[in-house]
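Here the structure comes first, spelled out in structure tokens, and everything after it is commentary.
The values are calculated or read from the model by the stated rules, or taken from the named source; none is laboratory data. Predicted model only: the values in this text are computed from it and were never measured. Positions of Cβ are backbone-derived with ideal geometry, glycine not excepted, and every protein chain shown enters the neighbour counts. All accessible areas refer to the heavy atoms of the entire protein, side chains included, with ligands and DNA or RNA removed. Shrake-Rupley method; radii C 1.70, N 1.55, O 1.52, S 1.80 Å.
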Amino acid sequence: MRLQLHIWRQKNSREPGRLVPYAVQADEHMSFLEMLDVLNAELIRKGEDPIAFDHDCREGICGACSLVIDGVPHGPRAATTTCQIHMREFPDGAEITIEPWRAYAFPVVKDLMVDRSALDRIIAAGGYVSVRTGAAPDANAIPIGKNTAEKAFDYAACIGCGACVAACPNASAMLFVGAKVSHLALLPQGQVERTARASRMIAAMDAESFGGCSNHGECEAVCPKSISLDAIAKLNREFMRAVATGES
Amino acid sequence: MQLDAKLPSGPLREKWDKHRFELKLVNPANKRKYRIIVVGSGLAGSSAAASLAELGYDVDCFCIQDSPRRAHSIAAQGGINAAKNHQNDGDSIWRLFYDTVKGGDFRAREANVYRLAQISVDIIDQCVAQGVPFAREYGGMLDNRSFGGAQVSRTFYARGQTGQQLLLGAYSALMRMVDAGKVRMHVRHEMLDLVLVDGHARGIVTRDLLTGEIGPWAADAVVLCTGGYGNVFYLSTNAKASNVTAAFRCYKRGAGFANPCFTQIHPTCIPQSGNYQSKLTLMSESLRNDGRVWVPRRLELVGRKPSEIPETDRYYYLEERYPSFGNLVPRDVASRAAKKVCDDGLGVGIAVGGRRNAVYLDFADSITRLGRKVISDRYANLFDMYERIAGESPYEVPMRIYPAVHYTMGGLWVDYNLMSTIPGLHVLGEANFSDHGANRLGASALMQGLADGYFVLPYTIGHYLSTMHKGKFGVERPEFAEVVRQQQAQTRRLLALKGQRPVDDIHRELGRIMWDYCGMGRNGDGLRKALAAIPELRERFWTEASVPGSGEETNPWLEHAGRVVDFLQFAELMCIDALERDESCGGHFREEHQTPEGEAVRDDERFCHVTVWEDRGDDAAPAQHREPLTFENVKLATRSYK
Ligand SMILES: Cc1cc2nc3c(=O)[nH]c(=O)nc-3n(C[C@H](O)[C@H](O)[C@H](O)COP(=O)(O)OP(=O)(O)OC[C@H]3O[C@@H](n4cnc5c(N)ncnc54)[C@H](O)[C@@H]3O)c2cc1C
Ligand code: SF4
Ligand code: FES
């Protein structure tokens, strides 16, 4: 299949970028990133500058890949990361626009790569249980209902890709933060630090200049792990609790 | 090269306790004065960095990805073993120990494996306390499954994403220590070399992958947790950034490399669909519980749709050849059997380069017997993943699978304290060679990485610091500037390459050599061919390759070129080792050594040892050393799955 691409090129975070047209011959069985590999190999052979993008596992779990495809973070297929999109999703002759995540808190590093270290800094602000190595009680000492464990898992499945931020008109990180707060708030192990965690993480999110949530729901629609909007409702409740108990 | 494994004396069950008592401690007030470099943030690196920082050490942790949470460990699916005996089905520390030694085909140290089995129990407790949402039973207790052919259910799991959940647990512990100011995390920093001062590992040199800056870091000890080298085959289930560079540079600086040829091939991966293929995706082994493996029985049937091949013309080769284990034979046996039928021309699926390298894994019988609902409950996420990649639904059409490189048992040699032959250089996780012998059992890599990081290194590193470590100094020592200079020169050399070929293409060519001659089946002639082809390819690299861009910016092509240069050298060491080990054992199948039925034949007389290679410079052959293996507690037996 023959494709017409418009790809965002940007030398570094300081210089402005622009969309550049490219043509590429692809195969329907290729993954989206393999299609870009083929284009890059061609550019290298011609002595031109290849296109930088983030990727690693290429199986939908590391959260590295991060392309906005035709305006949608992670592209056309629901609950699917960029690296798991295959070219059979597109008709022959398709014209495709490829851009990086866009958010103030995610500056472009080069071309399609952005800096998402703000997400790590939010986790460092209490997105954990304070337990030292060696201090753990027997794993079965505290029973956890199957459904609770499953629900906690649903939130814990977040891969930290940042698509939710990229999709949000306010560039809010509420779904990401809500997923972590909800995961730990559901489990007995997360109870002790529950309130402090919510307020610290929200403060860290604000400090990184992510926007607020105004219930657009775009984040849930693009999330490759189908993290539910309930996470945000839960985060708000946790935050209210923090305010009420004076722990905020 | 001295290979003193420092194995404690005394009965197996008491060795670790006794050893821990004998290890020298570092005074709590002094710990913060020691700076430790941890390279890698996978299960081994994150757990080590967090645990060392909790003890009070001053830690610098490095990783290639933009976040420590993205380390390759994140992709592990199936589960983690622990000898908890929660199922009351006869499991014990002894049984896990025995299964691991036997699974490794008697090429691992008894004392190490026993310690691993002992510690396994604490790992689960630790992870649960961090909030890892393991699967639970209705009563609220932890659930288990049986995995990888084990006869007991000792595998703990979190859906098909166990590695992700364990890594996020270790990552949260790491970020807690970042929050506490005890760990400085350096993301997008790649270790290019090790710095020795007076023969001890005292620092590293890295490239900042954002700015290109090559810089030195000094410390009192270095802990390498950089994972395995499966990507020497180009196509593997490893993440794209997985590499051998850090371990190989340590080898070039004097660390012994143990059993580099020991590679694990996983039988159930999605096959290649074209020459552009960039990686292979694992399909969990659990699928073999309900899927039947087959190919057309006769050559005339090859190329037909599966639905057009009548039942009588289907060759269920595993069931026919291994009646008692059937489709559940161990990984290496299943992999070789698939290769054999495809080599015989009976393969299915898309022909790539004129060959059909795939076999069917068919769920039709199970769906008829159990109903679609049951199969969907068990495997929905795997079926969806397959459908996304292969474009076919396994509910309707049999899955196509083929073996792929998955894990490397070889690695830097370490003693019982996880220290390499370079004093101060400790090696953890898949990067070391220690516990899996010639073949790793399913769900045991996660266990080993976390055992090393949470519960072994935190004790043993103190012993090094209080007994062998000497002197305090920083990067002003001339040794640092010298290594920085060497790495800058190497970078300039790479950037000067303005040939016609993308580095990726050369990497692929190396992968084909390795897969053909040092893959699932190996023989003397083939390995000698590879040993001629690899140096030739290495030479061509320097004339044909093209490395775009500069050294003062983000440059993924420069990064990759540096890794491929090391793979091109390391591949040769693998083949030398595979040629030297003139026996079949575990994942290392030398075609000269098999029974008439095609089963592996070990040679315990000549090869009951670890082979350790010492570098003697680019122009000389490496020196071979041996660590003999003695078995006092188990009897060497032949694995049989007939
Ligand atoms: C698809 C798949 C499924 C698996 N499933 C299972 C399973 O179910 N159960 C099981 O027990 N095992 C499983 N394994 C094996 C297991 O996942 C790995 O062996 C294990 O996670 C390795 O952990 P590690 O910490 O040693 O290294 P890794 O997780 O590979 O981490 C390596 C780290 O080192 C860093 N690094 C590497 N090189 C450099 C450098 N030069 N400079 C700086 N940093 C560097 C990386 O950035 C990364 O942080 C699976 C493996 C694969 C591929
Ligand atoms: S919530 Fe979803 S979209 Fe947001 S970071 Fe997590 S996985 Fe990505
Ligand atoms: S590359 Fe890892 S999720 Fe896409």
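Here is how the numbers come out for the structure above:
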| read-out | value |
| --- | --- |
| Gain on full stretching of the segment that runs from B:Asp384 to B:Ser324 - 0.36 nm per residue minus C-alpha separation | 18.5 nm |
| Solvent-accessible area per residue, Å², over chain A with all protein chains present [probe radius 1.4 Å] | 38 |
| Under 29 Å from B:Lys31, Cα to Cα: lysines that are on another chain or at least 8 residues apart | B:Lys6, B:Lys15, B:Lys18, B:Lys182, B:Lys470, B:Lys472 |
| Sites A:Met240 and B:Met141 - FRET efficiency at Förster radius 35 Å, r taken between beta-carbons, to 0.05 | 0.55 |
| Ranked order, B:Arg32, B:Arg606, A:Arg194 - accessible area, probe 1.4 Å, largest first | B:Arg32, B:Arg606, A:Arg194 |
| 3J(HN,Hα) from dihedral phi, segment B:373-380, Karplus parametrisation 6.51/-1.76/1.60, rounded to Hz, x for glycine, proline | 4, 4, 5, 5, 4, 6, 10, 3 |
| Three-way shape label, chain A, alpha-carbon gyration tensor, a/c 1.5 | prolate |
| Global form of segment B:205-248, assessed from the alpha-carbon gyration tensor, a/c cut-off 1.5 | oblate |
| Buried on assembly, segment B:95-134 (at least 20 Å² less accessible surface than by itself, 1.4 Å probe) | B:Asp125, B:Gln126, B:Val128, B:Ala129, B:Gln130, B:Gly131, B:Pro133 |
| List B:Asp105, B:Asp603, A:Asp154, ordered by accessible area with a 1.4 Å probe, largest first | A:Asp154, B:Asp603, B:Asp105 |
| Student exercise, segment B:478-608 dipole from Lys, Arg, Asp, Glu Cβ charges, in Debye to nearest 20 | 640 |
| Relative frequency of Cα-Cα separations exceeding 42 Å in the protein assembly as shown, percent | 29 |
| Cα→Cβ-extended label distance, 7 Å offset, between B:Glu392 and A:Arg45, nm | 3.0 |
| FRET efficiency, A:Gln25 to B:Ala180 (Cβ-Cβ, R0 45 Å, nearest 0.05) | 0.25 |
| Cα-projected label distance for B:Arg493 with B:Thr312, points at 7 Å along beta-carbon direction, nm | 6.6 |
| Highest-MSF residue in chain A out of A:Gly71, A:Gly162, A:Gly93 [GNM, Cα springs under 10 Å] | A:Gly93 |
| Chain A: relative contact order as a whole-number percent, Cα under 8 Å and 6+ apart | 19 |
| Calculated Rg and Dmax of segment B:67-166 using C-alpha coordinates, Å | 13.9, 41 |
| Gain on full stretching of the segment that runs from B:Lys373 to B:Asn289 - 0.36 nm per residue minus C-alpha separation | 28.6 nm |
| Interchain or long-range residues, amide H under 5 Å from B:Thr226's placed H | B:Leu428, B:Ala431 |
| Equivalent ellipsoid dimensions for segment B:444-570 as semi-axes, Å, which come from the Cα gyration tensor, largest first | 34, 26, 14 |
| Chain B, relative contact order in percent, only Cα pairs under 8 angstrom and at least six apart counted | 20 |
| Table column - 3J(HN,Hα) (Hz), segment B:469-476, Karplus curve with 6.51, -1.76, 1.60, x for Gly and Pro | 5, 9, x, 10, 7, x, 6, 6 |
| Area accessible to solvent at B:Glu614, 1.4 Å probe radius, in Å² | 50 |
| Equivalent ellipsoid, segment B:265-406 (semi-axes from 5 times Cα gyration tensor eigenvalues, Å) | 20, 18, 16 |
| Accessible area in the full protein assembly, largest first, 1.4 Å probe, for B:His463, B:His507 | B:His463, B:His507 |
| Computed FRET value (nearest 0.05) for B:Leu23 with B:Thr211, which takes r as the C-beta separation and R₀ as 45 Å | 0.65 |
| Table column - 3J(HN,Hα) (Hz), segment A:136-149, Karplus curve with 6.51, -1.76, 1.60, x for Gly and Pro | 7, x, 4, 4, 8, 5, 10, x, 10, x, 3, 5, 5, 4 |
| Charge sum, other residues only, whose C-beta stays under 10 Å from B:Gly10's C-beta, Lys/Arg counted +1 and Asp/Glu -1 | +1 |
| Summed side-chain charge close to A:Ala103 - residues other than A:Ala103 whose Cβ falls under 13 Å, Lys, Arg +1, Asp, Glu -1 | -2 |
| Theoretical ellipticity at 222 nm over the protein assembly as shown - DSSP helices of four or more residues, -39500 (n - 2.57) apiece, nearest 500 | -11000 deg cm²/dmol |
| Relative counts (whole %) of C-alpha pair distances in segment A:117-244, using bins that are 10 Å wide | 13, 45, 32, 9, 1 |
| Long-range HN-HN contacts of B:Thr211 with modeled amide H, under 5 Å | none |
| Placed amide H near A:Leu5: partners under 5 Å, 5+ positions off or other chain | A:Tyr22, A:Ala23, A:Val24, A:Ile96 |
| Volume in Å³ per residue [convex hull over Cα atoms, computed for chain B] | 152 |
| Listed pairs B:Lys102/B:Lys279; A:Lys151/B:Lys373; A:Lys146/B:Lys373; B:Lys33/B:Lys252; B:Lys373/B:Lys642; B:Lys240/B:Lys305 exceeding 23 Å between Cα atoms | B:Lys102/B:Lys279; B:Lys33/B:Lys252; B:Lys373/B:Lys642; B:Lys240/B:Lys305 |
| All lysines inside 18 Å of A:Lys110 as judged from Cα atoms, apart from same-chain residues fewer than 8 positions distant | A:Lys11 |
| Contact order normalised by residue count of segment B:415-504, Cα under 8 Å, 6+ apart, percent | 27 |
